[in-house]
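A.B. asks: Sharing a structure here in structure tokens format.
Where a number appears in this text, it was derived from the coordinates with a stated rule and is not lab data. Remember, predicted model here, so these are calculated numbers, not experimental data. No Cβ is skipped: glycine too gets one built from the backbone with ideal geometry, and neighbour counts run over all protein chains shown.
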Amino acid sequence: MGRSEGPLDPSAGPVQRLAFELRKLRQDAGGLTYSVMAQCTDYSVATLSRAAAGGQLPTLEVVLAYVRACGADPEEWEPRWRAVAREVAAEPEDADDADAPYRGLTRFEPSDRHLFFGRDQLVARLTERVRACRMVAVVGASGSGKSSLLRAGLLPSLQDQQSSECRLAAIRILTPGPRPASTHSRALTASQSAGDTVVVVDQFEELFTLCSDPAERAAFLDLLVSAVEPESRLRVVIAVRADFLNRCADHRPLAAALTDATFLLGPMGPVELRDAIVKPAVAAGLIVERTLTARIVEDVAEEPGGLPLMSHALLETWRRRRGRTLTLAAYEAAGGVHGALTRTAEELYTRLSPERAEVARRILLRLITPGEGAQDTSRPAEHAELQALSATGQSADTASVLEQLARARLVTLDGDMVHLAHEALITAWPRLQSWIGGARERLRVHRQLTEAARAWNTLDQDTGALYRGTRLATAEECLTGRYRADLTPSEAAFLDASIAAREQERRAAARTVRRIRALLAAVSALLLLASTVAVVAFQQRSLARAGRDRAVAEQVEAEAGQLNATDPSLAARMYVAAHRLRSDREAAAGLLDTQNIALSSVLSGHSQAVYAVAFSPDGRTLATGAGDDTIRLWSLADPAHPVPLGKPLTGHTDWVYWLQFSPDGHTLASASRDRTARLWDVRDPLHPRALGKPLTGHYNYVFSVSFNHDGRILATASQDHTVRLWDVSDPAHAKALGHPLTGTDEAVASAAFSPDGRTVAAPGHDHKIRLWNVTDPARPKLWSKPLSNPDVVYAVAFRRDSKLMASVGNDYKVRLWDVSDPAHTKPLGQPLTGHTDTLLAVAFSPDGRTLATGGADHTIRLWDVSDPRHPALLGQPLIGHTGFVNWLAFSPDGQSLASASDDHTVRLWHLPHAVLAGHLGSVTGIAFSQNGRVLTSASAGRVRLWDIRDPAHGRQLSELPGQHLAIRTVFQPRGRLLASADSDGTVWLWDVSAPDRPLRVGLIHTGGADQSDGVLAFTPDGHVLVTGGPKYSLRLWNVTDPAGPTALGSPLTGHISFVHWAGVSPDGHTLASTSEDDKVRLWDIREPARPKPLADIRTVDTGGTLWGAFSPDGRLLATAGVGHDVRLWNLSDPAHASATGSSLTGHTGRVTWVGFSPDGHTLASAGEDRSVLLWDLTDLTRPAPWGKALTAGHTEAIETAAYRPDGQLLATAGPDGTIELTPLGLGQAIRRICAGTAGQLTPPEWRDYIRELPYAQPCRA
């Protein structure tokens, strides 16, 4: 809304100082008015006045226009503006990074030992281990500091501590590369000098990602294993990423050598982190603010892979230092641990010209190998390979781009090789992730072709090394057309030669066929030729069409993946388009991921910023008002296809700021910058008409209008510091009521009636909210003294019961107020945070359970305010607008939200309904009843039962009485019982045959307080319940009489740590359980009173296994754990369980849950990375991921999940306090997308994203 040119404090900051100087310049120029200045420039009055408002930094062009209008010298002011911009952005000063005490993404080298801190104890232990063992494997997550530990820690330590018992002849460092045995055989030969030779093999995973020759790999491993022989005089230390440790086990001699020689590298603790932060600075004579140290420790502690991000953030903080001090402000300006790397990469990328940016993309993608069942890894490339990109028709100079990437420390130049500075860049930079995700299969094909082309050249271009058959068809499909430019000349020549050889072979085959046909009778030959040509032509045409559609679908999926970050609604339509072209798992995952997000239709029609939006009371009409001075009406009779009604309403002579319908829907009120309010008769929306004369009386902009509960009174707020009341009982003859409401000497940003009509709330630029008692509208008075706020307040909204008010403004925060007694209003709790800029809009849903807010950060956030004392964020922010969100309005049924924006559009958001909110804390357990109609949830110790027969309208049925410690629940199969487990070891049994009236029927004291994670499981017949027990044990209980449950047998022991999960196989014969160690324990419980232990399963996940699940047929067990992966085990013979296939990777945090779909065809996993991954189990030897991960709408980690028994719904829950219900039907997802994204993927957008095909409406009838 409007901005007042109030007083400015030049000491408040650089923006305010610049605004103060601009105002002084204008006064020195004779006090020019902004209207006069606007006539001298290409900018509006509003733009020029905002430049001197002090709210935000104006652009350089606006400042120079302002200066010219005042007759001043632009050349003098441009350096001023740049200095302010640098100060605002905390732009780092130019510095020689060689003097930096931090290494950013680059690893520490032996010469950096004086800066390597925080790992002293670890270095000492590793040194002893290397002395004791001839082979040691340092295992850790990507980013845990393995390379730096070896180079700047271990090697200097070995050199310093040489003795007669352990003398070193030489130290060698290598990385495997694509041909490890050929390249490094000499390095794995002991030195002739006296003593042992230490060989450090860093980046050991390259053996599996870069070396494609099994024989070469085996030869290298044999050389390594020979080091364990005492006479070898070799000591080998390998550094391997944890997710590749299972690949080491495939080589039996290596696995045997590493059995007792694995050194696990975990995350740094707080003390170690403080040393790593502070001591390098001290060594360089610098000071680190204590608050900065505490903040970084909090950001990084216990986070695997966080060290390179921390090091980069510290380097950027050092570059922004003030004198000798590293400050918290500089750290935050750099973006912090989680934003600094992204900011560095984005700043470099956006500074590049489009041509150079494209070269940078190609370079970075060449430095990455996409993971196959593992995380993506870096791939060193020869400088000549990258330089060859300049010969592919690119105008940009590759060398120059490489130099810029190196200066930004995103890549390192090491002799003839170029390396990605650290694999952390892959996961930390969303743009790079989207590039990889959008081209994963193509990158795999490209990497294979690169190696094949190199081999071809090595063999003097032997035709026998060319591609043929399927490999050639795949390469041709993936790497021709628009992607050919990604190839180097050598690669392109190899592909061309392969295609030419194929064509030559075809021609030769054709000549042979012709010679044979010549021997046949003429007529037969002609007939055969004709039919053959027809068939071949048809097949080729079909194959070409299918290949084209497949390639285009992949392109569309890639584009949609990138758009997800900026406009999920447009991305959703593109996934529908991709699905129409080719129904694959990637498109299916994209479609399913839309089920838990708000989708928006775009209403375009205004030519300027849209400020106002309002629904009619019946929800069938939407009104919008904009800076083009018009009001438009839209028909929502079919919400899936909003259409404009008639011509725009004209009459206002300046921007339309606010709209509201009267309660009966007959009248529309509007407020305008032209200093008037107007009333419109909209009983016939096709033919609206003005009612009476404009309401005049305000002598400045009118910001808002608001009807009281019966529509007889209208309130208006103005820049003239007043609120006015109007009698509009006869809208054609409206008249002022009494005197203006005054009390402030600044603008009143808006005014809103409470639904009961007793109060008008008026927030203002004076940082106050005034509540006016208008029970007697002729004599309004303040209920109490104004409510104080720390900054300008722009808008308020009342809940329908008039007891709760929300306010938003310039401090980026949302405040809730208890106004049940307006004379004694009080704030509720702490302000809600999350927005990153000024808030302009706020609205309550009709049921009062949801609050929507939006503003200058271009986003909309939804909040669960069903309990205003404990509000919580609902889902991810709603994104899609590219300008300020100026106003919001809920539809009367609460199913839609309309938003008006500076980007000239209105969006109609179709909100996801399949969410159960209102929990007061983390949801730790959920379970479906066997018929799928009821869901239980455990949160903050309380258990609730929900009716989810219609997931879109889930409702709470009841809450188990007296529950304060519950952490998990489970339904009895084919029974009426519900069991709930408390954290103190108590288990309660409930009769839920009437779920709205649960009855407590039994109690079990397990004796397992704090020994398990609320372990609960019924046997399939429902007669036996498995619970935790004392000393990390399990207990079996006979619950056929729930009023008197009895223990069966002795406690099941074997676990040595906290038990996380227990489950029973579908046939009831086998019990499995997991704990904080790396074992899954199995028992034969066919005789529950006499269970027999079976052989344990070793998962190799030393962090612990958090969850497990049996397949519906009982033949498989899936486990999920701390190590970020999921594993499958063959339990066809439970006494001899064995691993099935490789571990399933893709999660970037602990995997907290895993489950099979009821039909057994799909496996789902959820984790702390806020994602759900789906796996196709059609081929158990190679489970196939469904493409992109699903977020399920959560804002924090996912702690637990459950399939509905029919397999058509997946429920997920976690610390954000919500249960998200994700329908798994593609048809339902497509219908929702098509109904909720009207105006998306227009023909022009289609041409931008899908150039290869003519426009085809994805949502055809």
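A.B. asks: Normalised radius of gyration for region 1040-1144, please: alpha carbon Rg relative to 2.2 N^0.38 Å, two decimal places.
C.D. replies: That ratio works out to 1.08.
A.B. asks: Here's a follow-up. In whole angstrom, and with the biggest value first, how far do the Cα coordinates of region 271-337 range along each principal axis?
C.D. replies: 32, 23, 18
A.B. asks: For region 10-88, compute the orientation-averaged projected area of the C-alpha convex hull (one quarter of its surface), in nm².
C.D. replies: The directionally averaged projection comes out at 4.5 nm².
A.B. asks: Using only Cα atoms, find the angle between the long axis of helix 522-563 and the longest principal axis of the chain, and express it within 0 to 90 degrees, rounded to the nearest 10.
C.D. replies: 60 degrees
A.B. asks: Please go through region 783-889 and write out the trypsin sites (Lys or Arg not before Pro) that DSSP classes as loop and that have at most 13 other C-beta atoms within 10 Å.
C.D. replies: Sites meeting the loop and neighbour criteria: Arg869.
A.B. asks: Within straight cross-link reach of Lys785, meaning Cα distance under 19 Å, which aspartates and glutamates are found once same-chain residues fewer than 8 apart are removed?
C.D. replies: Asp745, Glu746, Asp766, Asp776, Asp818, Asp821
A.B. asks: What are the equivalent ellipsoid semi-axes of region 1124-1192, built from the alpha-carbon gyration tensor (square roots of five times its eigenvalues), in whole angstrom, biggest first?
C.D. replies: Rounded to whole Å, the semi-axes are 21, 13, 11.
A.B. asks: What does the net charge come to around Asp947 if you take all other residues with beta carbon closer than 12 Å to its beta carbon, with K and R at +1 and D and E at -1?
C.D. replies: +2
A.B. asks: Would you mind estimating how fast the chain diffuses translationally, via Stokes-Einstein at 20 °C and 1.002 mPa s with the Kirkwood radius over Cα pairs, in µm²/s?
C.D. replies: 62 µm²/s
A.B. asks: Now a separate question. Taking region 771-880 as the region of interest, what is the percent of Cα-Cα pairs per 5 angstrom bin, listed from the shortest bin to the one with the maximum distance?
C.D. replies: 2, 12, 22, 24, 19, 11, 6, 3, 1, 0
A.B. asks: Among DSSP beta bridges whose residues both lie in the chain, state the antiparallel percentage, nearest 5. Display every interim value, and only then the final one.
C.D. replies: Details: 201 of 225 bridges.
The antiparallel fraction comes to roughly 90 percent.
A.B. asks: Just need the relative contact order of region 352-434 here, percent rounded to a whole number, with Cα pairs under 8 Å and 6+ apart.
C.D. replies: It comes to 29 percent, rounded to a whole number.
A.B. asks: Same structure, new question: Which of the pairs Lys647/Lys693; Lys735/Lys813; Lys768/Lys803; Lys24/Lys693; Lys279/Lys1188 have their Cα atoms more than 31 Å apart in this structure?
C.D. replies: Values: Lys647/Lys693 20 Å; Lys735/Lys813 37 Å; Lys768/Lys803 19 Å; Lys24/Lys693 41 Å; Lys279/Lys1188 42 Å.
Going by Cα-Cα distance, Lys735/Lys813; Lys24/Lys693; Lys279/Lys1188 fall outside the 31 Å limit.
A.B. asks: Beyond 21 Å, what share of the Cα-Cα pairs of region 1105-1257 is found? Please give it as a whole percent.
C.D. replies: The proportion of pairs with Cα distances above 21 Å equals 51 percent.
A.B. asks: Something else: Largest first and in whole Å, what are the equivalent-ellipsoid semi-axes of region 863-952 based on the Cα gyration tensor, each being the root of 5 times an eigenvalue?
C.D. replies: Working through the eigenvalues yields semi-axes of 32, 16, 11 Å.
A.B. asks: Looking at the square roots a ≥ b ≥ c of the eigenvalues of the Cα gyration tensor of region 605-879, which shape do they give, rounded for a/c under 1.5, prolate if a/b is larger than b/c, or oblate?
C.D. replies: Details: a/c = 1.57, a/b = 1.17, b/c = 1.34.
Judged from the Cα gyration tensor, region 605-879 comes out oblate (a/c at least 1.5, b/c at or above a/b).
A.B. asks: Given the alpha-carbon gyration tensor of region 119-267, what are the semi-axes of its equivalent ellipsoid in whole angstrom, ordered largest first, with each equal to the square root of 5 times an eigenvalue?
C.D. replies: 22, 19, 13
A.B. asks: Across region 439-505, how large is the tail of the calculated P(r) beyond 20 Å, expressed as a percent of all Cα pairs?
C.D. replies: Beyond 20 Å sits 17 percent of the P(r) for region 439-505.
A.B. asks: Let me ask something else about it. Grab the alpha carbons of region 352-434, take their convex hull, and tell me the volume per residue in Å³.
C.D. replies: Normalising the Cα hull of region 352-434 by residue number yields 97 Å³.
A.B. asks: Let me ask you something else. Given region 678-828 reduced to its alpha-carbon atoms as identical point scatterers, what log10 I(q)/I(0) does the Debye formula return at q = 0.09, 0.13, 0.18 Å⁻¹?
C.D. replies: Ignoring solvent entirely, the Cα scatterers give -0.27, -0.57, -1.03.
A.B. asks: Please report, in debye to the nearest 20, how large the charge dipole of the chain is about its Cα centre when each Lys and Arg carries +1 at its beta carbon and each Asp and Glu carries -1 there. Working shown, then result.
C.D. replies: Details: 131 positive and 142 negative charges, 330 e Å.
The calculation lands at about 1580 debye.
A.B. asks: Could you derive backbone 3J(HN,Hα) for region 1181-1197 from the dihedral phi with the Karplus parameters 6.51, -1.76 and 1.60 (θ = phi - 60°), listing whole Hz in sequence and x where the residue is Gly or Pro?
C.D. replies: Whole-Hz 3J(HN,Hα) from phi for region 1181-1197: 6, 9, x, 9, x, 7, x, 5, 6, 8, 8, 6, x, 7, 9, 9, 4.
A.B. asks: To the nearest 10 degrees, how steeply does helix 398-407 sit against the main Cα axis of the chain, on a 0 to 90 scale?
C.D. replies: Long axis of 398-407 versus the principal axis of the chain: about 80 degrees.
A.B. asks: To the nearest 10 degrees, how steep is helix 469-479 against the longest Cα principal axis of the chain, on a 0 to 90 scale?
C.D. replies: The helix 469-479 is inclined about 30 degrees to the chain.
A.B. asks: Something else: Just the number: Rg to Rh for region 346-497, Cα atoms, Kirkwood Rh, two decimals.
C.D. replies: With Rh from the inverse mean 1/r over Cα pairs, Rg/Rh is 0.96.
A.B. asks: Students often forget the sequence filter, so: which lysines lie under 30 Å Cα-Cα from Lys1031 once same-chain residues fewer than 8 apart are removed?
C.D. replies: Within the straight-line cut-off, Lys1031 pairs with Lys1079, Lys1092.
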